[in-house]
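Enquirer: Structure incoming, see below.
Laboratory data are not the source of any read-out in this text; all were calculated from the coordinates shown. Because the structure is a prediction, the values reported are computed rather than measured. Here the Cβ positions follow ideal geometry from the backbone for every residue, glycine too, while neighbour counts run over all protein chains shown.
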Amino acid sequence: MNEEYINGLRSALLVSPDNNPLRLLLADALIQHSKLEEAEVELKHILNKDQQQEQAKLSLAKVYFLQTKYSMTIVILEEIAEAKSLSAEYLILLSKALLRNNEAGKAIEYYKKSLQINPSLTDEELDLNLRNSSAGNSDVNQLIEDLEEGMKQIEKPSIDFSHVGGMKNVKEEIDIKIVQPLLNQELFKKYGKKIGGGILMYGPPGCGKTHLARATAGQIKANFISIGIHDVLNMWMGNSEKQLHELFELARRQAPCVMFFDEIDALGASRSDMRTSSSKMLINQFLNELDGVQYSNDGVLILAATNAPWHLDNAFRRPGRFDRIIFVHPPDAEGRENILKILLDGKPVGDIDYKTLAKKTEEFSGADLMSVVDRAVESKLREALKTGLPKPIETKDLLNSALDVKPSTKEWFTTARNYALYSNESGLYDDILAYLKIKK
Ligand SMILES: Nc1ncnc2c1ncn2[C@@H]1O[C@H](COP(=O)(O)OP(=O)(O)OP(=O)(O)O)[C@@H](O)[C@H]1O
Ligand SMILES: [Mg+2]
């Protein structure tokens, strides 16, 4: 942008003096060139004729701010903020003007609002000053920290369903209950099908629950927030309900967003540890958020996982909550083949006999298979460092390392079998029995 551009705009305006968008362009160009007084003239020219020109007001507020006329900035922006909502960018401008005008209390309010609209737009000056200012009530410190904490928790996964081997039935459930409703919102509305409720996955460790949750977000290009219930309980003792609410709010603002609750059994009311009394309240808070009565959960997709479904409160299983409860079992032979292919993808490999490998890794979880691959890679590396000759991974390397890995799901099944045999209310654990080939 240069003089020529500005002159061009000026000549064009001589021809059509009532072209406001053009005059706004000129004003913006002038602001960028720090010709603030000239910009002011143009903006006032627009506003003289039509006081409703909001964009002109916003630009004028910017000019005043740059001229350090903070109270003028405040008057303009507050007037607009009262009538409608300002964008996060202008809320920050307003907050800064207030701060510099020694009105920290109000500055905080507007900064909060801007962070709620767009948590990634933080401002260093405001952060530094508002946190430590006398007016900087602990509320704001807390909020800023929570939001930052929240941003840290948000990711945009780069993996999708193609990175998940096996798990066909779980993928199908997620597809019909989460992916399709999001992709075809109109269709689902037409049939009066409310989108909501979550999917709860349970099963032995290392079989891909967390992995699939992350891939679900990647599959629909949504944000992903992973929440460990133990963290909620431990880090935020006494304040867990509020924190949980904040996390849901964060997800609602970042929709479409997959919220993944790990170790959800930690919310179990049936456990008799010392946290029980506080966790009753937390459970209620969680269920309220889940029901989305007070706040809409549009575009917020809920997945949860547990190794110990037997600790889970029955209230979780009600319709609209976790009405799909899916057993995630160790991969079958075909699943193991797929997982191995995924794990070896991009690595130097020879001609791998996946069928044989799948046969020799019965009962292995995805995590166990990962460990097999890791070991094979390590041995190849050691060899290559010794000989100076890198060689591809072969079937026999993988078979060898499989001998050193024990399937890690046995212990879980010992416990699960007992629940399935003796506490199988309303057939909750029929899937486990079927998997163990136990006839009822
Ligand atoms: N089906 C699968 N496809 C591809 N990789 C898998 C699969 N299952 C497990 N893995 C690999 O194993 C790792 C561990 O799996 P994951 O953490 O998802 O297990 P989990 O079921 O969540 O276990 P836990 O109950 O202990 O939390 C994953 O990071 C992934 O690399
Ligand atoms: Mg997990």
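Enquirer: Anyone know which of Ala213, Ala305, Ala83 comes out most mobile in the 10 Å Cα GNM of the chain?
Expert: Between Ala213, Ala305, Ala83, it is Ala83 that shows the largest mean-square fluctuation.
Enquirer: Could you size up the charge dipole of the chain around its Cα centre, putting +1 on the beta carbon of Lys and Arg and -1 on that of Asp and Glu, and report it in debye to the nearest 20? Kindly include the intermediate steps, with their values, before the conclusion.
Expert: On the way: 55 positive and 63 negative charges, 262 e Å.
That gives the chain a dipole magnitude of about 1260 debye.
Enquirer: Could you list the square roots of 5 times each eigenvalue of the Cα gyration tensor of the chain, that is, the equivalent ellipsoid semi-axes, sorted largest first and rounded to whole Å?
Expert: Working: eigenvalues 588, 172, 89 Å².
Ellipsoid semi-axes (Å, largest first): 54, 29, 21.
Enquirer: Taking the 0 to 90 degree range and rounding to the nearest ten, how far is the long axis of helix 138-153 tilted relative to the main principal axis of the chain, both from C-alpha atoms?
Expert: The angle comes out near 50 degrees.
Enquirer: Region 41-121: which trypsin sites (Lys or Arg not before Pro) are DSSP loop and have at most 12 other beta-carbon atoms within 10 angstrom? Show your work: numbers first, answer last.
Expert: Values: sites: Lys44, Lys49, Lys57, Lys62, Lys69, Lys84, Lys96, Arg100, Lys106, Lys112, Lys113; in loops: Lys69, Lys84.
Loop-located and lightly packed - Lys84.
Enquirer: Name the residue from Asn307, Tyr419, Ser158 whose Cα lies farthest towards the positive end of the charge dipole of the chain, charges +1 on Cβ of Lys and Arg and -1 on Cβ of Asp and Glu.
Expert: Towards the positive end, the residue furthest out is Tyr419.
Enquirer: On to the next question. Quick one: among Ile31, Ile74, Ile178, which has the greatest mean-square fluctuation in a GNM of the chain with alpha-carbon springs under 10 angstrom?
Expert: Fluctuation is largest for Ile31.
Enquirer: Please compute the net charge surrounding Pro348, taking Lys and Arg as +1 and Asp and Glu as -1 over other residues with Cβ under 9 Å from its Cβ.
Expert: Net charge in that neighbourhood comes out at +3.
Enquirer: Determine the sum of side-chain charges near Glu40: Lys and Arg each +1, Asp and Glu each -1, restricted to other residues whose C-beta is under 15 angstrom from that of Glu40. Present the calculation step by step, with values, prior to reporting the outcome.
Expert: On the way: positive: Arg23, Lys35, Lys44, Lys57, Lys62, Lys69; negative: Asp28, Glu37, Glu38, Glu42.
Around Glu40, the charge tally is +2.
Enquirer: I've got another one for you. Given points 7 Å out from each Cα along the Cα-Cβ axis, report the Asp351 to Val75 separation in nanometres with one decimal.
Expert: 8.5
Enquirer: Would you mind calculating the gained length between Tyr422 and Gln51 on full extension (0.36 nm times residue separation, minus the Cα-Cα distance), in nm to one decimal?
Expert: Numbers: separation 371, 0.36 × 371 = 133.56 nm, distance 7.58 nm.
The span from Tyr422 to Gln51 would gain 126.0 nm if fully extended.
Enquirer: Over the chain, calculate the relative contact order: mean separation of alpha carbon pairs under 8 Å at least 6 apart, over the residue count, as a percent.
Expert: Values: 592 pairs, mean separation 52.2, N = 440.
Computed value for the chain: 12 percent relative contact order.
Enquirer: Let me ask something additional. Over region 333-403, what is the relative contact order in percent, taking alpha-carbon pairs closer than 8 angstrom and at least six residues apart? Working shown, then result.
Expert: Numbers: 69 pairs, mean separation 28.2, N = 71.
The normalised contact order for region 333-403 reaches 40 percent.
Enquirer: While we're on this one: Assign unit charges at the C-beta atoms only (+1 for Lys and Arg, -1 for Asp and Glu), then state the dipole size of region 287-440 relative to its Cα centre in Debye, rounded to the nearest 20.
Expert: Working: 22 positive and 24 negative charges, 98 e Å.
Charge dipole of region 287-440: 480 debye, to the nearest 20.
Enquirer: What does the net charge come to around Gly198 if you take all other residues with beta carbon closer than 12 Å to its beta carbon, with K and R at +1 and D and E at -1? Walk me through the intermediate numbers first.
Expert: Numbers: positive: Lys177, Arg317, Arg318, Arg321, Arg324; negative: Glu173, Glu289, Asp291, Asp323.
Around Gly198, the charge tally is +1.
Enquirer: Show me, for region 51-61, the HN-Hα J-couplings you get by feeding each phi into the Karplus relation (A = 6.51, B = -1.76, C = 1.60, θ = phi - 60°), rounded to Hz, glycine and proline as x.
Expert: Karplus-based 3J(HN,Hα) across region 51-61 equals 6, 8, 6, 5, 4, 5, 5, 4, 5, 5, 4 Hz.
Enquirer: Explain nothing, just the number: relative contact order of region 299-430, from Cα pairs under 8 Å at least 6 residues apart, as a whole percent.
Expert: Details: 104 pairs, mean separation 30.2, N = 132.
After rounding, I find 23 percent.
Enquirer: Amide H to amide H, which residues 5 or more places from Val349 or on other chains are under 5 Å from it, using H placed in the peptide plane?
Expert: Result for Val349 returns Ile393.
Enquirer: When the Karplus curve 6.51 cos²θ - 1.76 cosθ + 1.60 is applied with θ = phi - 60°, which whole-Hz ³J(HN,Hα) does each residue of region 305-320 get, with x for Gly and Pro?
Expert: Here the 3J(HN,Hα) series is 9, 7, 8, 10, x, 5, 8, 7, 5, 4, 4, 5, 8, 5, x, x Hz.
Enquirer: Now, a different point. Run the helix sum for the chain: -39,500 (n - 2.57) per DSSP H stretch of 4+ residues, divided by residue count, reported at 222 nm to the nearest 500 deg cm²/dmol.
Expert: Details: 22 runs with 252 residues, N = 440.
One gets -17500 deg cm²/dmol as the mean residue ellipticity at 222 nm.
Enquirer: At 0.36 nm per residue, minus the direct Cα-Cα distance, what do Gln185 and Tyr5 gain on full extension? Give it in nm, one decimal, please. Intermediate results must be reported in sequence, preceding the final value.
Expert: Details: separation 180, 0.36 × 180 = 64.80 nm, distance 4.57 nm.
60.2 nm is the gain from fully extending Gln185 to Tyr5.
Enquirer: Show me, for region 215-227, the HN-Hα J-couplings you get by feeding each phi into the Karplus relation (A = 6.51, B = -1.76, C = 1.60, θ = phi - 60°), rounded to Hz, glycine and proline as x.
Expert: Those phi angles translate into 5, 4, 4, x, 4, 9, 6, 9, 6, 9, 10, 9, 10 Hz.
Enquirer: Sticking with this structure for a sec: So what are the radius of gyration and Dmax for the Cα set of region 333-403, in Å?
Expert: Rg then Dmax for region 333-403, in Å: 11.7, 36.
Enquirer: I would also like to ask the following. Just want the answer: with Cβ charges of +1 for Lys and Arg and -1 for Asp and Glu, which residue in Pro17, Asn101, Thr216 is farthest toward the dipole's positive end in the chain?
Expert: Of Pro17, Asn101, Thr216, it is Thr216.
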